[in-house]
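S.K.: One structure coming up, written as structure tokens, with questions to follow.
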Amino acid sequence: MRIDVVSIFPEYLAALDLSLIGKARRDGLLDVNVHDLREYTHDRHRTVDDTPYGGGAGMVMKAEPWSEVLNGIRGARESAAPDERPVLIVPSPAGAVFNQKMAHDLAEEEHLVFACGRYEGIDERVVEWAGERFDVRPVSLGDYVLNGGEVAVLAMVEAVGRLIPGVVGNPESLVEESHSDGLLEYPVYTKPSEWNERPIPEVLLSGNHARIARWRRDEQFRRTAQRRPDLIAALEPAALDKDDREV
Ligand code: SAM
């Protein structure tokens, strides 16, 4: 997968060189390209922002550098068929909230482009204009406001990148994770079996795989009901087995 990120703080994206995402880049599974928006300005101060029309606090990112950098992104052509256009993710607290399903959908794409806003955001005309060259998706990390899109991009690239085959060593570990089946993951433990007078649940030492699987599933329901009742309400009845219904 190819990923392009545009930011006025390209150093922020250095974390994409670390851990599993960094390894995926070195292994050729992810081709990440970071672009400095200020390189697409033409004044002495490398200006990327200006005052908002209509007044109000804060500054707005100017359209010109954005159109210049986005025009140079590989595959961004007006003539491209809509389904061949790169996906342009515009991080914004006013976007659709990012979730695991979105991460799975994006992991199927060949090319993702991220436009990191700062200040009060990007001139809205850029988003409209970009819609003729990209499949534009405003996406929010959650219902709160960050200073810029970079942290949101780090989170999204990590969530999407780990779903690309080969990035996570053992693909089994993706199957039982929180949100993979609509529930939160069960609690996990490692050695020693007793720590600070706290033994692990006895069932985990039983060697009985069916009992362990049932206990884990029950714990998923218990934890999800306690912490995220909204997820329980959204479960499809068809996804439940007979024993689930009794929990
Ligand atoms: N004035 C904007 C609003 O109220 O919707 C907020 C601008 S915010 C200070 C600056 C930039 O941070 C945004 O353009 C966006 O790129 C990023 N950002 C802030 N909160 C975010 C969130 N919850 N999810 C994704 N990106 C966010």
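The values are calculated or read from the model by the stated rules, or taken from the named source; none is laboratory data. None of the values given here were measured: they were computed from a predicted structure. Every residue, glycine as well, gets a Cβ built from its backbone with ideal geometry; the counts of neighbours run over all protein chains shown.
Quick grid of which residues meet (1) farther than 14 Å from His111 by Cα; (2) in contact with a strand residue (DSSP E or B) (Cβ under 7 Å, 6 or more places away or on another chain); (3) not assigned by TED's automatic domain parsing to the domain that holds Arg133:
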{"residue": "His45", "(1), (2), (3)": "yes, no, no"}
{"residue": "Thr51", "(1), (2), (3)": "yes, no, no"}
{"residue": "Gly54", "(1), (2), (3)": "yes, no, no"}
{"residue": "Gly58", "(1), (2), (3)": "yes, no, no"}
{"residue": "Val69", "(1), (2), (3)": "yes, yes, no"}
{"residue": "Ile73", "(1), (2), (3)": "no, yes, no"}
{"residue": "Arg77", "(1), (2), (3)": "no, no, no"}
{"residue": "Glu84", "(1), (2), (3)": "no, no, no"}
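S.K.: Give Glu128, Glu132 a once-over and let me know the one that is over 18 Å from Leu163 (Cβ atoms), free of Cβ contacts under 8 Å to residues at least 24 places away in the same chain and more than 13 Å from the ligand (Cβ to nearest atom).
M.R.: Glu128
S.K.: Can you find a residue in the range 161-181 that is modelled with pLDDT of 95 or more, out of contact with any Leu (no Cβ under 7 Å at 6 or more places or on another chain) and within 16 Å of the ligand (Cβ to nearest atom)?
M.R.: Checked the range 161-181: no residue is modelled with pLDDT of 95 or more, out of contact with any Leu (no Cβ under 7 Å at 6 or more places or on another chain) and within 16 Å of the ligand (Cβ to nearest atom).
S.K.: Moving on to the next point. Which residues, counting only those in the range 53-68, are within 26 Å of the chain's Cα centre (by Cα), touching a residue at least 40 places away in the same chain (Cβ under 8 Å) and either part of a loop (DSSP other than H, G, I, E, B) or under 18 Å from Gly131 (Cβ atoms) (or both)?
M.R.: Met61, Lys62, Ala63, Trp66, Ser67
S.K.: Among the helices (runs of 4 or more DSSP H) confined wholly to the range 90-170, which include 3 or more residues that are basic (Lys, Arg)?
M.R.: The helices (runs of 4 or more DSSP H) meeting that bar number zero.
S.K.: Could you list, in sequence order, all residues of the range 1-58 that are over 24 Å from Ala159 (Cα atoms), surrounded by fewer than 16 Cβ atoms within 10 Å (Cβ to Cβ) and of a type in the set (Asp, Glu)?
M.R.: The answer is Glu39, Asp43, Asp50.
S.K.: Given the residues Glu194, Glu158, Glu219, which is the only one that is closer than 28 Å to Val87 by Cβ and modelled with pLDDT of 95 or more?
M.R.: Testing whether each residue is closer than 28 Å to Val87 by Cβ and modelled with pLDDT of 95 or more leaves just Glu158.
S.K.: Condition first: away from the ligand (no atom under 16 Å from the Cβ), surrounded by fewer than 18 Cβ atoms within 10 Å (Cβ to Cβ) and without any contact (Cβ under 8 Å) to a residue 60 or more places away in the chain. Can you find one or more residues in the range 108-118 that meet it?
M.R.: Yes.
S.K.: For residues that are more than 9 Å from the ligand (Cβ to nearest atom) and either touching a residue at least 60 places away in the same chain (Cβ under 8 Å) or touching a Pro at 6+ places or on another chain (Cβ under 9 Å) (or both), scanning just the range 88-100, find the one that is farthest from Met61 (Cα to Cα).
M.R.: Gln100
S.K.: Something else: Report, by residue number, each residue of the range 1-52 that is over 25 Å from the mean Cα position of the chain (by Cα) and either farther than 24 Å from Asn147 by Cβ or of a type in the set (Asp, Glu) (or both).
M.R.: Glu39, His42, Asp43, Arg44, Asp49, Asp50
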